[in-house]
Amino acid sequence: MKILVLGSGAGGGFPQWNCNCANCAGQRAGRIRASERTQSSIAVSADGESWVLLNASPDIGSQIRRHPQLHPRHGLRDTPIKAVVLIDAQIDHVTGLLGLREGPCIDLWATRCVFEDLTSGLPLLGVLRHYCGTRWHMIGVDGSCTRSDFEIEAAPGLRFTALAIPGKAPPYSPHRREQVTGDNIALRIDCIADGSSLFYAPGLARVGEQELAWMNAADCVLVDGTFWQEDEMQAAGLGAKSASDMGHLPQQGAPGRPGMVDALRDATPARKVLIHINNSNPILDEDGTSRRALAAMGIEVAHDGMEILL
Ligand code: MLT
Ligand code: MN
Ligand code: ZN
């Protein structure tokens with residue numbers, strides 16, 4: 001399986017346009033060694049010919065420009081991007097759909113909850129009806145059904161499994177205060193030809209037994225790396241919300257609440273990679289102590305342009 005990390009940042013990217021925090025200002029001034037990051041999206045392919053986007057970031061134009069694998073190949077207008085799969089309805093994961101409007105009708109895989117958000121609170125799909133249009137394929141994670149398997153005909157060789165996970169619906173969702181099944185999913189992707197597997201969960205509020213089992217069953221995990229600590233935004237004076245308020249599990253645990261590094265430390269995948277990194281996170285500093293601590297535990301930090309071959 002081929003994986004392209006198109007955007008490794010959280011909402012706002014890095015450095016964030018309006019932010020003067022130590023990381024953002026330090027990166028602009030060259031005081032810290034840290035690479036720019038666009039917003040959260042990856043692409044996967046079995047054959048390197050047809051690609052599936054997992055989330056569509058508002059930075060999609062520059063992300064496609066950067067990756068020759070995603071450039072048009074045949075004829076005057078063309079794209080190797082055959083489908084888009086959404087893991088939630090958050091702005092950083094969905095507004096890139098608008099950036100695909102010049103192309104063919106978008107084959108879109110999403111749960112009913114996400115479809116509803118995109119036709120009401122953030123009505124992108126209605127807008128796109130006036131351009132390329134979208135063809136919705138329902139991911140059946142809904143109600144009492146917490147797992148759904150599917151394949152995408154135009155991107156053969158990959159098998160997808162969607163899993164309900166703890167997270168947070170976006171602010172414009174009717175479920176913001178109380179998450180329901182289908183607001184947030186993780187994806188397991190299997191490559192039929194070589195048997196490789198990926199677990200992708202850029203938003204994950206808790207790693208329970210189930211999530212850990214899914215992580216351990218994969219060759220590579222790309223998981224929530226948004227915050228280093230629970231009160232990171234508050235401590236830096238950047239905002240009032242904690243990591244859990246935003247549906248993200250911080251890397252550092254607290255008594256009674258293991259963090260992402262506690263889950264990853266003993267996990268078995270060959271590649272353990274944090275993704276969806278917020279601009280406030282000290283792991284962005286490649287020479288920093290938290291980055292060193294991760295490296296000592298065999299945990300990588302995704303960067304834009306990272307290519308993973310499984
Ligand atoms: C989140 O995951 O909470 C987002 O990055 C927030 C956003 O996109 O504004
Ligand atoms: Mn996000
Ligand atoms: Zn910042």
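Key figures for this structure:
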item: Output for the range 18-55, where each listed residue is part of a loop (DSSP other than H, G, I, E, B) and within 16 Å of ligand 2 (Cβ to nearest atom); result: C19, T38, S40, N55
item: Considering residues of the range 292-309 that are over 17 Å from the mean Cα position of the chain (by Cα) and surrounded by fewer than 20 Cβ atoms within 10 Å (Cβ to Cβ) only, the residue nearest to D262 (Cα to Cα); result: M297
item: Number of positions in the range 64-94 that are assigned to a helix (DSSP H, G or I) and either more than 16 Å from ligand 1 (Cβ to nearest atom) or touching a helix residue (DSSP H, G or I) at 6+ places or on another chain (Cβ under 7 Å) (or both); result: 7
item: Number of the exception - S290 against (1) within 24 Å of C19 (Cβ to Cβ); (2) touching a Ser or Thr at 6+ places or on another chain (Cβ under 7 Å); result: (2)
item: Among the candidates Q69, Q63, Q39, Q90, residue that is closer than 22 Å to M306 by Cβ, surrounded by fewer than 19 Cβ atoms within 10 Å (Cβ to Cβ) and polar (S, T, N, Q); result: Q69
item: Scan of the range 210-237 for residues that are surrounded by fewer than 20 Cβ atoms within 10 Å (Cβ to Cβ) and out of contact with any Lys or Arg (no Cβ under 9 Å at 6 or more places or on another chain), ordered by number; result: Q210, L212, A213, N216, D231, A235, A236, G237
item: Strands (runs of 3 or more DSSP E) completely within the range 169-283 that count 3 or more residues being in contact with a helix residue (DSSP H, G or I) (Cβ under 9 Å, 6 or more places away or on another chain) and closer than 21 Å to H303 by Cα; result: 220-224
item: Output for the range 135-150, where each listed residue is outside any strand (DSSP E or B) and open to solvent by 80 Å² or more (accessible area, probe 1.4 Å); result: S144
item: Among residues of the range 151-168, those that are closer than 17 Å to N184 by Cβ, surrounded by fewer than 21 Cβ atoms within 10 Å (Cβ to Cβ) and in contact (Cβ under 8 Å) with a residue 40 or more places away in the chain, counted; result: 2
item: Output for the range 33-58, where each listed residue is in contact (Cβ under 8 Å) with a residue 60 or more places away in the chain, within 16 Å of ligand 1 (Cβ to nearest atom) and polar (S, T, N, Q); result: T38, S40, N55
item: Which listed residue is within 16 Å of ligand 3 (Cβ to nearest atom) and of a type in the set (S, T, N, Q), from Q39, Q69, Q63, Q90; result: Q39
item: Residue in the range 98-116 that is over 17 Å from the mean Cα position of the chain (by Cα), more than 20 Å from L6 (Cβ to Cβ) and open to solvent by less than 40 Å² (accessible area, probe 1.4 Å) present; result: yes
item: Residue tally, condition assigned to a loop (DSSP other than H, G, I, E, B) and among the charged types (D, E, K, R), over the range 114-134; result: 1
item: V180 being open to solvent by 10 Å² or more (accessible area, probe 1.4 Å) and in contact (Cβ under 8 Å) with a residue 24 or more places away in the chain; result: yes
item: Evaluation of I3 against (1) open to solvent by 40 Å² or more (accessible area, probe 1.4 Å); (2) away from ligand 2 (no atom under 16 Å from the Cβ) (one fails), failing number; result: (1)
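The values are calculated or read from the model by the stated rules, or taken from the named source; none is laboratory data. Since the model is a prediction, treat every value here as computed from it, not as a measurement. Quick reminder, even Gly has a Cβ in these numbers, built from the backbone with ideal geometry, and neighbours come from all protein chains shown. Keep in mind that these areas ignore ligands, DNA and RNA; they rest on the heavy atoms of the full protein, side chains included. Shrake-Rupley method; radii C 1.70, N 1.55, O 1.52, S 1.80 Å.
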